[in-house]
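Below is one structure, written out as structure tokens; the observations come after it.
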Amino acid sequence: MKGEITALATIVALTTGAGAIAFAADDWGKFQVEDRRSGYTYATAETQAMQDDEFANPAMLWVEHGEEAWNKVDGEAGKSCNSCHGNAAETMKTVGSTYPVFAKDIGKLENVEDRINRCRTDNMKAKAWKYDSQNMLGMVSYVKRQSLGQPMSVKIDGEAAPWFEKGKAFYTQRRGQLDMACSHCHVDNAGNMIRANTLSQGQGNGFPTYRLKWQKPGSLHRRFRGCNKQVRARPFKTGSDEYLALELYVMWRGRGLPVETPAVRN
Amino acid sequence: MSKITDKTTMSRRTALELAGGGVIAALLTGTLAGAARADAALLSDAIKKAVGDSAMTEGRITLDLPEIAENGNTVPVSVAVDSPMTEADHVKAVHLFAEKNPAADVASVYFTPASGVAKASFRMRLAGTQNVVAVAEMSDGSLFTAKKLVKVTIGGCGG
Amino acid sequence: MASKPRVRVPKTAKKGEIITIKSLISHKMETGRRKDSKTGELIPRQIINKFVCNFNGKQVFASDWHPAVSANPFMAFNFKAEESGEFEFVWTDDDGSTYSKKASLTVN
């Protein structure tokens, strides 16, 4: 109890609404499904415009980088992504809205980053890419861009169920010196101000997202690390099982919201 | 001289950041006035370097910036100058300055009659809440100016 | 440090029409005032300091950039189409290297 008061009153200093842009009555169109709202609806008009203009959106530089890499032969097998997958607009259309998925052949949950690396190491005999490297961000952005506008719909039953439960538990687990869970900020306080930020629902439908703060795109797992660090909790590794499970839960929370990759956020 | 100026500016910024405004900021008003003078000196030096010190008239410039910028790293700015853009009468350049950035210069854009209209849009860094100043140089040598206050919630690393 | 620049220019325009040109290039625009979080040392400045647009070999627009221009610089400006020809866009880095891109315009 004492922990909560300290955290909320002194360090986090949540204040209600003054800078919040939206009111309950606002019509957010495709960016809202039932009570679920994309981070887009919490952004300023200028940030929204930067995302909307397909040319001005700086993250499109990474998408273009990914498109080039898609067609480039790499690795000892002498193949490119295109050699096996052909036209990404057709073959990658549902990836952005349905991942992470339980991959039967490796017996675990897999996100787009891991799937790409599996293709690189096993199918191309090429080196794996690091999370948040320019190559990986470019390729994930390019692949997910093919699902632009599609409603998010991850599968959480069957073999994915235990992962989902783990992610769900993570979401409400208090952590760090501030003793706060994801839900304290993104469920209980969405729309309120924290320091100089408007808290959103913490949706994952725009990733990799170009953050004005980072001045480049970053992965969802990088965002998780940042949010863990904010409450002075030890972050997990990008690509860890903990974050994979959390990714599944976060994507499910945003079910029905359109894929916005690459989104622009503060 | 310039070294001292820099220091004053820095320490005030740091103090403000730590204090987050309010009571401590009020205690600092003495320092603030000094720092404001220092900023003004940096700005006028930068302007002088770009266009000399002829008189400037307010007007003819539309400076489009958000009233509140979410993040100082990336603030969209658009500047337009009213002009026929002919060989005889056109805008040669527009210089943009940020009053309280570590260095006041932001960018200069150079137009020609082939531009058709004197308008440019880009994105700039602002180290904190401050005035953005535009100075337009016409083909006849006359100067026009405009400024706009931008409130920055999270400062960019400036420039 | 910079990757392939992007430009958007309409392919065709009517004579006398004023078109909008947009450009974007990936670059950190390192200000020279940031410290490396690990070593505490100042990261040296490296920015694109100049952007030029030529049409049929003649400069029609240019811009000088200082460290206060945001990372991944974007620039939009206009051009009055009078004749067909080719644009050349050139970005110049502090280290002397240049990045360029061409685009053609047909005026009818």
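The values are calculated or read from the model by the stated rules, or taken from the named source; none is laboratory data. Just so you know, these numbers come straight off a predicted model, no measurement behind them. Methodologically, a virtual Cβ is constructed for each residue, glycine included, from the backbone with ideal geometry; neighbour enumeration extends over all protein chains shown. Surface accessibility is based on the protein's heavy atoms, side chains included, excluding ligands, DNA and RNA. Shrake-Rupley method; radii C 1.70, N 1.55, O 1.52, S 1.80 Å.
Report the residue count in the range A:154-185 for those that are out of contact with any helix residue (DSSP H, G or I) (no Cβ under 6 Å at 6 or more places or on another chain), assigned to a loop (DSSP other than H, G, I, E, B) and of a type outside the set (K, R).
Qualifying residue count for the region: 4.
Looking at C:E41, is it free of Cβ contacts under 8 Å to residues at least 12 places away in the same chain and surrounded by fewer than 19 Cβ atoms within 10 Å (Cβ to Cβ)? Break it down into steps so the answer makes sense when it comes.
Values: free of Cβ contacts under 8 Å to residues at least 12 places away in the same chain: yes; surrounded by fewer than 19 Cβ atoms within 10 Å (Cβ to Cβ): yes.
Spelling it out, C:E41 is indeed free of Cβ contacts under 8 Å to residues at least 12 places away in the same chain and surrounded by fewer than 19 Cβ atoms within 10 Å (Cβ to Cβ).
Are there any pairs with C-beta distances below 6 angstrom linking a residue in the range A:72-89 that is closer than 12 Å to A:N123 by Cβ and not assigned by TED's automatic domain parsing to the domain that holds A:T121 to a residue that is open to solvent by 40 Å² or more (accessible area, probe 1.4 Å) and not acidic (D, E), with the two at least 6 apart or on different chains, and if so which?
none
If you check every pair at least six apart or on different chains, which have Cβ atoms under 6 Å apart with a residue in the range A:241-266 that is in contact (Cβ under 8 Å) with a residue 24 or more places away in the chain and within 22 Å of A:R211 (Cα to Cα) first and a residue that is small (G, A, S) and surrounded by fewer than 22 Cβ atoms within 10 Å (Cβ to Cβ) second?
A:P258/A:G149
Quick check: anything in the range B:90-99 open to solvent by less than 10 Å² (accessible area, probe 1.4 Å), within 19 Å of the chain's Cα centre (by Cα) and at the interface with chain C (Cβ under 7 Å from one of its Cβ atoms)?
Yes, there is a match, as at least one residue in the range B:90-99 is open to solvent by less than 10 Å² (accessible area, probe 1.4 Å), within 19 Å of the chain's Cα centre (by Cα) and at the interface with chain C (Cβ under 7 Å from one of its Cβ atoms).
So for the range B:46-59 (the condition being within 23 Å of A:T44 (Cα to Cα), within 12 Å of chain C (Cβ to nearest Cβ) and not β-branched (V, I, T)), does at least one residue qualify? Walk me through how you get there before you give the answer.
To start, the set of residues in the range B:46-59 that are within 23 Å of A:T44 (Cα to Cα) comprises none.
Looking for residues that are within 23 Å of A:T44 (Cα to Cα), within 12 Å of chain C (Cβ to nearest Cβ) and not β-branched (V, I, T), one finds none in the range B:46-59, hence no.
Which condition number does A:L212 fail, the rest of (1) among the aliphatic types (A, V, I, L, M); (2) in contact with a Gly (Cβ under 6 Å, 6 or more places away or on another chain); (3) modelled with pLDDT under 95 being met?
Against the list (1) among the aliphatic types (A, V, I, L, M); (2) in contact with a Gly (Cβ under 6 Å, 6 or more places away or on another chain); (3) modelled with pLDDT under 95, A:L212 comes up short only on (2).
Among the residues of the range B:134-159 satisfying the criterion of being open to solvent by less than 10 Å² (accessible area, probe 1.4 Å) and of a type in the set (V, I, T), which is nearest to the other protein chains (Cβ to nearest Cβ)?
Selected residue: B:V150.
Listed here are the residues, each with its yes/no results for (1) more than 8 Å from chain B (Cβ to nearest Cβ); (2) farther than 28 Å from B:E87 by Cα; (3) in a loop (DSSP other than H, G, I, E, B); (4) modelled with pLDDT under 95.
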{"site": "C:P10", "(1), (2), (3), (4)": "yes, no, yes, no"}
{"site": "C:K15", "(1), (2), (3), (4)": "yes, no, yes, no"}
{"site": "C:T20", "(1), (2), (3), (4)": "yes, no, no, no"}
{"site": "C:Q59", "(1), (2), (3), (4)": "no, no, no, no"}
{"site": "C:P67", "(1), (2), (3), (4)": "no, yes, yes, no"}
{"site": "C:A71", "(1), (2), (3), (4)": "no, yes, yes, no"}
{"site": "C:E88", "(1), (2), (3), (4)": "yes, no, no, no"}
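Looking at the range A:179-191, can you tell me whether even one residue there is within 29 Å of A:A56 (Cα to Cα), of a type in the set (D, E, K, R) and open to solvent by 20 Å² or more (accessible area, probe 1.4 Å)?
No, the conditions are met nowhere in the range A:179-191.
Can you pull out every residue in the range C:22-38 that is buried (at least 17 other Cβ atoms within 10 Å of the Cβ) and either farther than 15 Å from C:V60 by Cβ or at the interface with another protein chain (Cβ under 8 Å from one of its Cβ atoms) (or both)? Give the derivation first.
Of all residues in the range C:22-38, those buried (at least 17 other Cβ atoms within 10 Å of the Cβ) come to C:23-27, C:29-31.
Matches in the range C:22-38: C:L24, C:I25, C:S26, C:H27, C:M29, C:E30, C:T31.
Any residue at all in the range C:44-53 that is within 30 Å of B:G128 (Cβ to Cβ), within 11 Å of chain B (Cβ to nearest Cβ), open to solvent by less than 10 Å² (accessible area, probe 1.4 Å) and outside any strand (DSSP E or B)?
For the range C:44-53, residues within 30 Å of B:G128 (Cβ to Cβ), within 11 Å of chain B (Cβ to nearest Cβ), open to solvent by less than 10 Å² (accessible area, probe 1.4 Å) and outside any strand (DSSP E or B): present.
Quick check on my filter: what residues within the range A:194-214 are away from chain B (no Cβ under 14 Å) and on the phi > 0 side of the Ramachandran plot? First the steps, then the outcome.
The initial filter retains those residues of the range A:194-214 that are away from chain B (no Cβ under 14 Å), namely A:201-208.
Residue satisfying the conditions is A:G202 alone.
How many residues does the range B:66-89 contain that are more than 9 Å from chain A (Cβ to nearest Cβ) and in contact (Cβ under 8 Å) with a residue 60 or more places away in the chain?
Kept after step one, since they are more than 9 Å from chain A (Cβ to nearest Cβ), are these residues of the range B:66-89: B:67, B:77-89.
Add one more test, that the residue is in contact (Cβ under 8 Å) with a residue 60 or more places away in the chain, and what stays is B:67, B:81.
Residues meeting the conditions: 2.
Please report, ordered by residue number, the helices (runs of 4 or more DSSP H) entirely within the range A:55-129 with at least 3 residues that are open to solvent by less than 30 Å² (accessible area, probe 1.4 Å). It would help to see each step written out before you state the result.
Working: elements: A:60-70, A:81-85, A:88-91, A:95-98, A:112-118.
Result: A:60-70, A:95-98, A:112-118.
Filter the range C:73-86 down to residues that are more than 8 Å from every other protein chain (Cβ to nearest Cβ) and part of a strand (DSSP E or B) and give me whichever is surrounded by the fewest Cβ atoms within 10 Å (Cβ to Cβ).
C:E86
Read through the list (1) modelled with pLDDT under 95; (2) of a type outside the set (V, I, T); (3) under 22 Å from A:G239 (Cα atoms), then give the number of the only condition that A:A56 fails.
(3)
Would you please name the residue that is nearest to A:T198 (Cα to Cα), looking only at residues in the range B:43-69 that are assigned to a loop (DSSP other than H, G, I, E, B) and open to solvent by less than 20 Å² (accessible area, probe 1.4 Å)? Walk me through how you get there before you give the answer.
We begin by selecting, within the range B:43-69, every residue assigned to a loop (DSSP other than H, G, I, E, B); these are B:52-55, B:59-60, B:65-67.
Now narrow it down to the ones that are open to solvent by less than 20 Å² (accessible area, probe 1.4 Å): B:65-66.
Working: B:L65: 21, B:P66: 17 Å.
Only one residue fits best here, namely B:P66.
Just checking, does the range A:148-171 include any residue being touching an Asp or Glu at 6+ places or on another chain (Cβ under 6 Å) and closer than 17 Å to A:N205 by Cβ? Steps first, answer last, please.
Narrowing the range A:148-171 to residues touching an Asp or Glu at 6+ places or on another chain (Cβ under 6 Å): none.
Looking through the range A:148-171, none of the residues is touching an Asp or Glu at 6+ places or on another chain (Cβ under 6 Å) and closer than 17 Å to A:N205 by Cβ.
For the range A:90-97, state whether one or more residues are within 22 Å of A:W163 (Cβ to Cβ) and in contact (Cβ under 8 Å) with a residue 60 or more places away in the chain. Spell out how you get there, then give the answer.
The first filter runs over the range A:90-97 and keeps only residues within 22 Å of A:W163 (Cβ to Cβ), leaving A:94-97.
Checking the rest, the ones that are also in contact (Cβ under 8 Å) with a residue 60 or more places away in the chain come to A:96-97.
Yes, the range A:90-97 contains at least one residue that is within 22 Å of A:W163 (Cβ to Cβ) and in contact (Cβ under 8 Å) with a residue 60 or more places away in the chain.
Given the condition in a loop (DSSP other than H, G, I, E, B) and of a type in the set (A, V, I, L, M), answer yes or no: does some residue in the range A:217-227 qualify?
Within the range A:217-227, the subset in a loop (DSSP other than H, G, I, E, B) is A:219.
Still in the running and of a type in the set (A, V, I, L, M): none.
The answer is no, given that none of the residues of the range A:217-227 is in a loop (DSSP other than H, G, I, E, B) and of a type in the set (A, V, I, L, M).
Which residue pairs have Cβ atoms under 6 Å apart, sit 6 or more places apart or on different chains, and have a first residue in the range B:101-130 that is facing another protein chain (nearest Cβ under 7 Å) and a second that is acidic (D, E) and surrounded by fewer than 24 Cβ atoms within 10 Å (Cβ to Cβ)?
Partner pairs satisfying both residue conditions: B:S108/C:D64.
Tally time: how many residues in the range A:23-48 are loosely packed, with under 15 Cβ neighbours inside 10 Å and either modelled with pLDDT of 95 or more or assigned to a loop (DSSP other than H, G, I, E, B) (or both)?
Kept after step one, since they are loosely packed, with under 15 Cβ neighbours inside 10 Å, are these residues of the range A:23-48: A:23-30, A:34-35, A:45.
From what's left, either modelled with pLDDT of 95 or more or assigned to a loop (DSSP other than H, G, I, E, B) (or both): A:23-28, A:34-35.
Going through the range A:23-48 one residue at a time, the tally reaches 8.
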